[in-house]
Amino acid sequence: MAENDNGSLSPPPEESSNSSGRSISLIVKLSAAILILLILALLAFALVAALTAAETWAPFLQIFRDVLIIIIVVEAVLIVTAFAILILQAAGFIIMLKTEIKPILDNARETTRLTKATAEFVSQNSVDPLIQIKSFISGLLGFLREIIRIRALLQTDPAEEQDDQVSS
C-alpha cells in the first residue's frame, strides 16, 4: 500500500502497468498494420509500373526484386531458426519428463503399494479377528437361545400334567 501526501494509505497503482501494456500492444498492432499496408502499396506500385512502362522502370523493378529476394531469404532463415528452437524446446521437455515426472510416478506407485500392504495388514490383524469374534458370539447367543427354548419346551406345567392324568 502506498501512502498519500495526507498520510492515508491507498492501494498500489495497477492501472499504470495495465495502461502501459495496452499502449505497447496498440503500438505493435499499429506498426504491423502500417508495415503491411506499405508492403501492399509497394507491390501494387511495382505491378502498375511493370504493366505500364516496363522499360523505364526496369532498374527500379530489379532493385525491388532483389530486395524482395533478400527479405524472403531472411524470412527463411528466421523460420529455420524458429524450427530449430522448437526442436530444442521439445527435447528439453522430453528430458524434463524423464527427470521430473518419472520420479513422481515412481513415488505414486510406491505409495499405492504401501497403501495396499497397510490395508492387508489391518484386514488380517484387526478386521478379520473382529469378524470372527462377532461371528462366534452371534453363534453362541443363537445356541443359547435355542437351548432356552428347548428347556422351556421340556419343562411342562404341573397343572397340565395333572390334567393329563385326570383325563386318562
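The values are calculated or read from the model by the stated rules, or taken from the named source; none is laboratory data. Model, not experiment: these values are computed from the prediction. Counting neighbours? That spans all protein chains shown, and the Cβs are built from the backbone with ideal geometry, glycine included.
A few notes on this one:
- Checked against the criterion of being within 42 Å of the chain's Cα centre (by Cα), modelled with pLDDT of 85 or more, under 30 Å from Ile36 (Cβ atoms) and of a type in the set (A, V, I, L, M, F, W, C), the candidates Val127, Val67, Val122, Val80 yield just one match: Val80.
- Considering Leu37, Leu86, the condition of being more than 41 Å from the chain's Cα centre (by Cα) and not charged (D, E, K, R) is satisfied by Leu37 alone.
- In this entry, Ile104 is excluded by the filter for residues that are without any contact (Cβ under 8 Å) to a residue 24 or more places away in the chain and either within 30 Å of Ile36 (Cα to Cα) or in contact with a Pro (Cβ under 9 Å, 6 or more places away or on another chain) (or both).
- Single residue of the stretch 13-48 satisfying the filter (modelled with pLDDT under 80 and surrounded by 10 or more Cβ atoms within 10 Å (Cβ to Cβ)) that is farthest from Leu68 (Cα to Cα): Pro13
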